[in-house]
1. Could you say which residue among T331, T337, T312 is modelled with pLDDT of 90 or more and on the phi < 0 side of the Ramachandran plot?
2. For the stretch 215-231, does any single residue satisfy the condition of being touching a residue at least 40 places away in the same chain (Cβ under 8 Å), under 15 Å from L185 (Cα atoms) and part of a helix (DSSP H, G or I)?
3. Against the conditions (1) among the hydrophobic types (A, V, I, L, M, F, W, C); (2) surrounded by 20 or more Cβ atoms within 10 Å (Cβ to Cβ); (3) modelled with pLDDT under 90, where does I278 fall short? Just the number, please.
4. For the stretch 302-317, does any single residue satisfy the condition of being basic (K, R), assigned by TED's automatic domain parsing to the domain that holds N372, over 23 Å from L185 (Cβ atoms) and surrounded by fewer than 18 Cβ atoms within 10 Å (Cβ to Cβ)?
5. Give the residues of the stretch 234-256 that are assigned to a helix (DSSP H, G or I) and within 14 Å of C284 (Cβ to Cβ), sorted by residue number.
6. Collect the residues in the stretch 551-565 that are in contact (Cβ under 8 Å) with a residue 12 or more places away in the chain, under 26 Å from P224 (Cβ atoms) and either surrounded by fewer than 19 Cβ atoms within 10 Å (Cβ to Cβ) or not aliphatic (A, V, I, L, M) (or both), keeping them in residue-number order.
Amino acid sequence: MLASLLLTVALLGGAAAALIWWAGRPLPAHWPSAAQWASFAEHPLTYPTIKSVVAVAGWLLLLLLVFSIGLEAWTRLAHRPPPLILPAPMRVLAAGMLGTSVIALAAPAHAAAPAVATPTTPDLQSARPATGHGPATPPGTPSPPAGADHGGGAAASDLDQPADTSRGVEVPGGWVVWPLAAGILAATAINLLQSRTTPPASALLRAIRAARHPVIDPAADEHPAAGGDDIAALEHDAATTAPHTIGVQHRTAIGIAALPRHGVGITGPGGADALRGILAAAACTTSTVIVTGDLVHSLASLSEPLPGLRTTADLHAALHAVQMEIHHRYTTGTPPTESTADSGHPPLLLIVEPQAPPGRVAALAELGADLNIRIVVAGPWKPGATWSVDRHGHTTCNSENVGRLNILNPAALAQIAHTLQPPTTEPATIPPAAAPSPPPRLAPFHLHVLGRVRLSTPADPDTHIRRSGSRQIAVYLALHPDGATRDELLEHIFGHMTRASAAGSLNSCLYEIRRLLSIDDRSVLTRLDDSYRLDPDMITVDWWQLLHDLQHGHLEHAVASYLGPIADGHTWDWLPEHRQTARHLIADTHARLAHTASSSHQALEHALAGITVDPYSQACYQAAIDAHQHLGHSAQAQTLHAQMVQRLNRTPPRRT
């Protein structure tokens, strides 16, 4: 592992030594005198002058190479896009000299087994579960499965996770520590597996997904990974449980037990954002937050309920609710002693306004401290501690560093509330953006997005789309037959880049699509105002054909044309919702065919095919059980029912 590092140091040191041996030290002993300037003006092309110019150029190139290597290392370790895009030759040379082994040496190793989270402040560096895409691993501390990059799936033994979970995740509208991000991913995975309708991923959710992957250059080549199982990856996410973590200090999580026993006040420019971060963290765990309706409304206008949030009519009702909960916990459980680490009760937080009666609030804080109950004041708090939070979440108490807290603006909290809504059970419906009708059969270009992405052109039946961004744009437009605006493409595909870099990459990728999909001076990619779309007169898409068959009742042909998950092998951040929509649609179609089949054998065949497509389709399970019973296969029916129960139990129930 040290070979690449030693080789890099040797090459750079050798180049510097060679320059010093040939041209001397890089800095002159003194500035040129007036006589030397005059001599240079009369005879500029002398050997010493040329030698000095070459030496200066050599030192500048060496410094640029060192800077390129440092920038490449920072980009890989930080999992962030580079702040400065260097010329492609320098990036390639730096990446080649640096090597992947140097990054592997510098990055923290993956733990071999899961660490069970406790209510105390867990160490985020060690609190990682064993990696694996196997079905439904037992819940552990949050750690995401992921592919090797944005463009590939992952085998069971090659799951990525953030190189340093203590860094947290920058999201639109705030910053969250990784346990909260993992809780959001878990809730999303449950919805994707169980809900029959899946709305597009929000910008916040896409940012969290992107944090699990190394940054990939949209201009780089990309090959889909083999052996990926997106269902197993979703099950892994869904089974992940996260402790109520409101922030992080160094590598240690700030949990409920880390809050001051006598209550804490939250102030500063980021105080309201930090309170919203506390609400979001509670919604993703088993914690409960009691707060007045007026305070919630002042923090965010939520159109959808937030799990774990219990609102009261006024401050008196909130204090009374906590008082009754303290009484209940004392009477139903054994109060912890000084040697007891955990009361065994789920965390409970009371958030009150600064005008709350300090004596009563302090008494509740003292009584509930040993019962996993903490009190937070939305303002200064003299009986306890007062934390000052800046706009970035960095928190201090009496000039001492407390750590960094989750911070969210109202829009980000609303996105989380929408993500945490319970799954819907209505059958999947055809997306509103209907496919062209009827799809042309003699179009010169053909794009396949079901299964592996394939493009057929008149010149090559299997044309390779080199750029990752170009391939994503082609698939995205295929899934949006009515077109997508430039801003939508920038946000969904190039959202991890700066605005200027994203615009340049988008133009380059659009140019490649036009180059590949043009014939007789006509391009498949059309633009109307600020919207791009694929011309249905020049290209056929298998997804469009499938939707057309469903719209016209050709169900058998529709299910036969489903060759696999959309863009199989890719793990683009915007893709899971589209993939699950297609999966639910085909599974529900198999269930309909099973109910209308002319024989029990055909019904069983369709039902089992639907289970293969969507192993969480209860309609297909029930159709298969009914078919087995009609055929007199009672043992097979019982086995299938047990398999359905076992499968559904892999995802925990959602909080409401």
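1. Selected residue: T312, the only one of T331, T337, T312 that is modelled with pLDDT of 90 or more and on the phi < 0 side of the Ramachandran plot.
2. yes
3. (3)
4. Checked the stretch 302-317: at least one residue is basic (K, R), assigned by TED's automatic domain parsing to the domain that holds N372, over 23 Å from L185 (Cβ atoms) and surrounded by fewer than 18 Cβ atoms within 10 Å (Cβ to Cβ).
5. D237, A238, I256
6. Scanning the stretch 551-565 gives S561, Y562, L563, G564, P565.
Per-residue answers, yes or no, for (1) outside any strand (DSSP E or B); (2) out of contact with any strand residue (DSSP E or B) (no Cβ under 6 Å at 6 or more places or on another chain):
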{"site": "A362", "(1), (2)": "yes, yes"}
{"site": "L367", "(1), (2)": "yes, yes"}
{"site": "D370", "(1), (2)": "yes, yes"}
{"site": "R374", "(1), (2)": "no, no"}
{"site": "P380", "(1), (2)": "yes, no"}
{"site": "P383", "(1), (2)": "yes, yes"}
{"site": "H392", "(1), (2)": "yes, yes"}
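Quick grid of which residues meet (1) over 30 Å from A239 (Cα atoms); (2) small (G, A, S); (3) assigned to a loop (DSSP other than H, G, I, E, B); (4) modelled with pLDDT of 95 or more:
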residue: S598; (1), (2), (3), (4): yes, yes, yes, no
residue: H606; (1), (2), (3), (4): no, no, no, yes
residue: A619; (1), (2), (3), (4): no, yes, no, no
residue: I625; (1), (2), (3), (4): no, no, no, yes
residue: A642; (1), (2), (3), (4): no, yes, no, no
residue: R647; (1), (2), (3), (4): no, no, no, no
residue: R650; (1), (2), (3), (4): no, no, yes, no
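The values are calculated or read from the model by the stated rules, or taken from the named source; none is laboratory data. Since the structure is predicted, the reported quantities are computational estimates derived from the model, not experimental observations. Glycine also receives a Cβ, built like all others from the backbone with ideal geometry; neighbour counts cover every protein chain displayed.
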